[in-house]
Amino acid sequence: MLLMKDLSVIFRFNRIYSMRRLSKYHLGHSEQEILMFLSKNDQVNQDMIATFFVIDKGAVAKSLSKLEEKGYVNRMINPENHREKIITLTPRGLEIMDNMQEILTDWHTAIYEGLDEEDIAQFQKIMSVIAANSMKAVNECEKI
């Protein structure tokens with residue numbers, strides 16, 4: 001149970017940290033996460049975002065609407081599939097990515113203080129396994 005408590009604390013403080021550092025952009029946490037995803041994955045659709053974050057498509061649509069209103073993303077109809085919209089960062093969205101990346105780097109520096117590169121790599125490996133096992137457990141639970 002301590003693992004879940006600690007993960008919850010880390011997640012909450014990450015949200016607080018990023019919200020404070022990005023307050024001038026008026027971005028919610030989910031909007032920040034979507035922007036980071038788009039910066040690394042160009043021309044994706046809403047389903048891909050929902051699948052990556054394991055969240056409801058409606059929640060993604062709501063966040064994308066806000067991002068579009070703020071001028072950070074474009075949603076264009078896919079010429080090959082008119083029911084699908086391709087999401088890309090706008091020039092304004094690209095502009096804030098440097099700041100967001102700097103904040104993420106600062107966060108990692110702060111939370112990994114006192115750990116060497118081997119410790120960090122081991123921690124990341126363990127967390128990836130736990131995340132994959134979590135998804136597997138949920139998927140298997142649906143079959144019961």
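The values are calculated or read from the model by the stated rules, or taken from the named source; none is laboratory data. Just so you know, these numbers come straight off a predicted model, no measurement behind them. Virtual Cβ from ideal backbone geometry, glycine too; neighbours counted across all protein chains shown.
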(message) Checking the structure you have, find out if any residue of region 4-13 is in contact (Cβ under 8 Å) with a residue 60 or more places away in the chain, under 13 Å from the mean Cα position of the chain (by Cα) and within 22 Å of Asp106 (Cβ to Cβ).
(response) no
(message) So Lys70 passes all but one of these: (1) surrounded by 11 or more Cβ atoms within 10 Å (Cβ to Cβ); (2) under 27 Å from Ser8 (Cα atoms). Which condition number does it fail?
(response) (2)
(request) Quick one: count up the residues across region 32-48 that are surrounded by 11 or more Cβ atoms within 10 Å (Cβ to Cβ) and free of Cβ contacts under 8 Å to residues at least 40 places away in the same chain. (result) 6
(message) Where the second residue is among the charged types (D, E, K, R) and assigned to a strand (DSSP E or B) and the first is over 30 Å from Asn14 (Cα atoms) and touching a residue at least 40 places away in the same chain (Cβ under 8 Å) and lies in region 77-104, which pairs have Cβ atoms under 8 Å and are six or more apart or on separate chains?
(response) Lys85/Arg75
(message) Among the residues that make up region 116-135, is at least one of them surrounded by 11 or more Cβ atoms within 10 Å (Cβ to Cβ), under 23 Å from Leu35 (Cβ atoms) and of a type in the set (Ser, Thr, Tyr)?
(response) no
(message) Six or more apart or on different chains, Cβ atoms under 8 Å: show the pairs whose first residue is in region 119-144 and modelled with pLDDT under 90 and whose second is outside any helix (DSSP H, G or I) and exposed (fewer than 11 other Cβ atoms within 10 Å of the Cβ).
(response) Met135/Val54
(message) For region 78-100, give me the residue count where each residue is within 15 Å of Ile34 (Cβ to Cβ), in contact with a strand residue (DSSP E or B) (Cβ under 6 Å, 6 or more places away or on another chain) and charged (D, E, K, R).
(response) 1
